1. Amide H neighbours of HIS208 under 5 Å, counting only residues 5+ apart in sequence or on other chains, H built in-plane at 1.01 Å?
2. Can you check what the net charge comes to around PRO225, using other residues whose Cβ is under 10 Å from the Cβ of PRO225 (Lys, Arg +1; Asp, Glu -1)?
3. If one computes the Cα centroid of region 110-156 and of region 170-247, what distance in Å separates the two points?
4. What does the charge add up to near ALA199, with Lys and Arg as +1, Asp and Glu as -1, over the other residues with Cβ less than 13 Å from its Cβ?
5. Taking +1 at the Cβ of each Lys and Arg and -1 at the Cβ of each Asp and Glu, which of TRP65, ALA219, LEU174 sits farthest along the dipole of the chain towards its positive end, judged by Cα position relative to the Cα centre?
6. Lys and Arg at +1, Asp and Glu at -1: add these up for the other residues within a Cβ distance under 12 Å of LEU34 and post the number.
7. If amide hydrogens are placed 1.01 Å from N in the peptide plane, which non-local residues have theirs closer than 5 Å to the one on PHE136?
8. In bins 5 Å wide, starting from 0, what share of all Cα pairs of region 3-234 does each bin hold, as a percent?
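Every number here is computed from the coordinates shown, using simple stated rules; none is lab data. Nothing here was measured: the structure is a model prediction, and the numbers come from that model. Backbone-built Cβ (ideal geometry, glycine too); neighbour counts: all protein chains shown.
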Amino acid sequence: MSAGSNATIRIARRLARDMQALHFSTPSHVYNPLVYTWAAHREYLSRYGTAPGRVLLLGMNPGPWGMAQTGVPFGDVAMVRDWFDIPLQLGRELPAQHRKYPILGKDCRRSEGSGARLWHWAQQRVGTPEAFFARFFVWNYCPLLFIKDARNLVPERLGRHEGAALTQACDRALADVWRALRPTAVVGIGRYAQARARAVLAADVQVHYLPHPSPASPAANRDWPGLAEAALEPWLPPLRRTRASPAKPTPRQPPQG
């Protein structure tokens, strides 16, 4: 295990504890996958949270059918199981759950639209997780899922005081990840993540933007792979182009009539 991996694991452990110490009144339910899916998250960091000098892709927070089930950012269950090959095992103690959003882990049959879109694109574009993470690392700014009125609640919709406490802890973790991995570039996946990166990192750090792959986004539904290609083009390998086969000559037809 490398020093980078040790650092990201330490940061995630402290962030998990910081999150557990917070109190929220706006959401009805709060899930902290850094606690109940810690084994899978630790495996993710051990494998991929290691090398410095890559591009940091910053997400917002877990989706109910993604990281909330698997512990992996944008962690669509099928992709984490079949592409990442990370074992999915839930801890013994789970948080109070909303009946609409049960925590099922590997038994979850719902697809996380954003995660499926992101990781299917990565799979088709570079082939293997190792090839992708040789260039990129994905970290979620906030590790908590919030639910209110039977819907996913984004962090920026929290009350002022609880939002400030959350931001303080998540800002510190992001700054520590930056120092540990020294990325060559930062890309916010969505405007919220981009804004937090700009607020936390030094003024001379350019924070790029990648539209969020959410199925709720009309632009993402039209052509998110194209958006990803354009935003990440400086750090992607060249597209492999297949050489066109020479056209076969058209057989001459005998004269008619």
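1. Those lying under 5 Å, H to H, from HIS208 are VAL186, VAL187, GLY188.
2. 0
3. Each part reduced to its Cα centre gives a spacing of 12 Å.
4. Here the charged neighbours net out to +2.
5. So the residue furthest toward the plus end is ALA219.
6. Around LEU34, the surrounding residues sum to +3.
7. Amide H to amide H, under 5 Å and 5 or more residues apart or across chains, PHE136 pairs with VAL55.
8. 1, 7, 15, 20, 22, 19, 11, 4, 1, 0
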